[in-house]
Amino acid sequence: MRLNLVLELLDVPGQLLDALNPIGKLGANIVAVIHQRDVKTERGTVPVHISIEGDEETLKRVLHTIEETDVQIIEVDGVVRKEKITTILIGNIVDQDLKETVNVLNGMDGVRVADLNLKMSDNPEESSSRIIIESDYGRKKALMQNIKEFGKSKGFLVINEV
Amino acid sequence: MKLCIIGFGAVGMGVSRVISMKREMLIDKYDLDINVVAVTDRSGAAINPDGLDIGMLIETKENSGKISDYPEYGVSDLSGVQVLEEVDYDLLVEVTPTNIEDGEPARTHMLKAMKASKDVVTSNKGPLSLRFSELIDAANSTNAYFKYEASVGGAMPIINFAHDTLAGNNISSVLGILNGTCNYILSRMANEGSPYLQTLNEAQELGIAETDPTQDVEGIDAACKIVILANSVLNMDVSLKDVQVEGISRITPESIELAKKEGFLIKLIGEASYDNLEVYPRLVREGSPFAVDGTLNVATVKTDLADEVTVVGKGAGSIETASAILSDIISIWKARS
């Protein structure tokens with residue numbers, strides 16, 4: 001079977017070789033590599049399209065091995081890989097504009113608000129909202145920091161995942 | 001070994017109880033005969049170069065509240081510093097109350113002992129979180145041993161664990177629940193659905209939270225421990241002002257309920273890593289190592305060879321903290337002999 005991957009590489013010498021090495025070693029066949037150094041993501045990384053062939057087990061092992069290196073797999077067969085992030089905000093989110101909060105989050109690179117739950121308290125200052133965000137793979141840590149800073153600017157207590 | 005105990009509150013009394021409980025074992029197993037030659041508290045001191053009677057020390061403190069009332073050997077209005085000047089001792093156990101403003105008088109006591117080449121064991125977070133490098137340098141300059149396992153996580157082994165048991169590993173971070181009072185309150189709120197203030201009051205009635213709970217519930221106590229871990233385990237050079245701190249007083253039952261529905265608990269988590277020093281409420285997975293109930297403490301050490309290692313233990317209590325102090329005393333004794 002064939003698998004089309006999009007990998008995200010740092011623009012430094014040797015990265016492409018590091019990414020391709022395990023594929024051959026594990027017995028998968030590299031069908032095509034499209035590598036354009038001048039096309040960069042907003043994060044300054046280089047996306048590389050790779051098609052590989054092999055039996056299902058081998059391809060699984062390849063994915064697993066690549067994941068263990070610094071190389072990010074951002075797409076598998078046209079499907080963008082996502083991470084789920086749960087965060088809770090405590091504060092007067094209704095008065096502080098719920099819509100703006102969602103817009104700010106949606107406006108962050110590779111982010112979509114997938115679910116929002118609001119629980120009002122007797123004191124509006126203590127209202128709680130749970131937000132579930134889907135983001136591109138590998139962005140979790142940076143995103144949690146962004147949410148925390150945004151929350152601070154609005155006076156929300158941000159409770160992120162560990 | 002001649003011991004001087006400065007500070008005779010819950011921890012100081014715990015240490016002397018443990019020494020008396022374990023006397024025979026210490027002699028049999030380590031050939032370690034501990035003589036408590038001086039004990040001080042606010043009232044003064046009890047000093048006997050031939051060794052004080054531990055039963056009498058505890059009885060005196062419990063009856064009158066003043067160690068200076070110790071029969072025959074009690075002295076009133078004698079400061080810790082004066083005692084350190086006058087008494088011949090081998091090891092100082094510094095267990096005065098934690099002061100996070102300037103770390104005094106504990107800092108002065110420790111420096112004085114170190115200058116005289118005396119070994120020091122402490123549970124006192126104040127000087128450690130404000131003047132860590134000063135103390136380490138002072139100890140190194142006279143080849144004094146300085147150990148402080150009891151300052152973080154009470155009985156939970158973490159500092160010696162990271163230094164000795166995980167020796168050879170590169171440690172990149174320590175994350176943990178480092179304040180039992182906060183963990184008790186958050187656990188109760190999660191289990192009972194009760195509001196914060198009511199739960200805090202209940203904890204105060206049970207003696208788990210102090211009358212003035214600020215240092216615990218606002219995360220300051222946990223932040224001190226993060227500073228100690230960052231300095232001692234990660235070899236950083238930081239102090240309390242470098243830690244981002246948020247406590248638990250804004251946590252609501254509603255937020256806990258929302259977290260639960262997604263399989264999370266809210267815990268006050270301290271993090272020490274090279275790019276982040278903070279104490280913050282965080283979401284932890286139910287069933288994960290951080291999902292501990294009650295007053296327990298937990299810490300996860302991230303290493304290059306052993307990957308993640310987690311320890312859990314009682315974070316407070318007189319005998320539990322004394323256990324950590326005793327293990328420091330024994331390890332100094334072993335190193336000296």
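The values are calculated or read from the model by the stated rules, or taken from the named source; none is laboratory data. The structure displayed is predicted, hence computed values, not measured ones. Cβ placement follows ideal geometry from the backbone for every residue including glycine, while neighbour counts extend to all protein chains displayed.
On inspection, B:Val245 does not qualify as within 14 Å of another protein chain (Cβ to nearest Cβ), under 17 Å from the mean Cα position of the chain (by Cα) and not aromatic (Phe, Trp, Tyr). Scanning the stretch B:248-262 for residues that are of a type outside the set (Lys, Arg), free of Cβ contacts under 8 Å to residues at least 60 places away in the same chain and either more than 9 Å from every other protein chain (Cβ to nearest Cβ) or in contact with a Pro (Cβ under 9 Å, 6 or more places away or on another chain) (or both) gives B:Ser249, B:Thr252, B:Ser255. On the basis of being part of a loop (DSSP other than H, G, I, E, B) and either assigned by TED's automatic domain parsing to the domain that holds B:Ser133 or surrounded by fewer than 20 Cβ atoms within 10 Å (Cβ to Cβ) (or both), does B:Asn235 make the cut? Against the criterion (part of a loop (DSSP other than H, G, I, E, B) and either assigned by TED's automatic domain parsing to the domain that holds B:Ser133 or surrounded by fewer than 20 Cβ atoms within 10 Å (Cβ to Cβ) (or both)), B:Asn235 qualifies. Where helices (runs of 4 or more DSSP H) sit wholly within the stretch A:1-113, those with at least 1 residues that are touching a Leu at 6+ places or on another chain (Cβ under 7 Å), over 30 Å from A:Lys154 (Cβ atoms) and among the hydroxyl-bearing types (Ser, Thr, Tyr) occupy A:56-68.
Of all residues in the stretch B:265-281, those that are closer than 15 Å to B:Thr300 by Cα have Cβ atoms under 7 Å from Cβ atoms of residues that are outside any loop (DSSP other than H, G, I, E, B) and among the basic types (Lys, Arg), 6 or more apart or on another chain, in B:Lys267/B:Arg282; B:Ile269/B:Arg282; B:Gly270/B:Lys225.
Scanning the stretch A:125-141 turns up no residue that is more than 9 Å from every other protein chain (Cβ to nearest Cβ), out of contact with any Gly (no Cβ under 7 Å at 6 or more places or on another chain), closer than 20 Å to B:Ile251 by Cα and in a helix (DSSP H, G or I).
In the stretch A:67-102, the qualifying residues are those that are within 13 Å of chain B (Cβ to nearest Cβ) and touching a Phe, Trp or Tyr at 6+ places or on another chain (Cβ under 9 Å), and the one that is farthest from A:Arg139 (Cα to Cα) is A:Asn92. Quick check on this structure: which one of B:Ala230, B:Ala222, B:Ala155 is touching an Asp or Glu at 6+ places or on another chain (Cβ under 6 Å) and of a type outside the set (Val, Ile, Thr)? So the residue among B:Ala230, B:Ala222, B:Ala155 that is touching an Asp or Glu at 6+ places or on another chain (Cβ under 6 Å) and of a type outside the set (Val, Ile, Thr) is B:Ala155.
Of the numbered criteria (1) without any contact (Cβ under 8 Å) to a residue 12 or more places away in the chain; (2) in contact with a strand residue (DSSP E or B) (Cβ under 6 Å, 6 or more places away or on another chain); (3) of a type outside the set (Lys, Arg), the one B:Ala223 fails is (1). Does B:Leu166 fit the bill of being within 14 Å of B:Val217 (Cα to Cα), hydrophobic (A, V, I, L, M, F, W, C) and modelled with pLDDT of 95 or more? No; evaluated as a whole, the condition is false for this residue.
With respect to (1) farther than 30 Å from B:Pro281 by Cβ; (2) touching a Lys or Arg at 6+ places or on another chain (Cβ under 7 Å), the lone exception for A:Glu83 is condition (1).
The one condition from (1) surrounded by fewer than 20 Cβ atoms within 10 Å (Cβ to Cβ); (2) more than 7 Å from every other protein chain (Cβ to nearest Cβ) that B:Ala272 does not meet is (1). Taking every residue in the stretch B:198-213 that is part of a loop (DSSP other than H, G, I, E, B) and pairing it with any residue that is small (Gly, Ala, Ser), at least 6 positions away or on another chain, the pairs with Cβ-Cβ distances below 7 Å are B:Ala209/B:Ala203.
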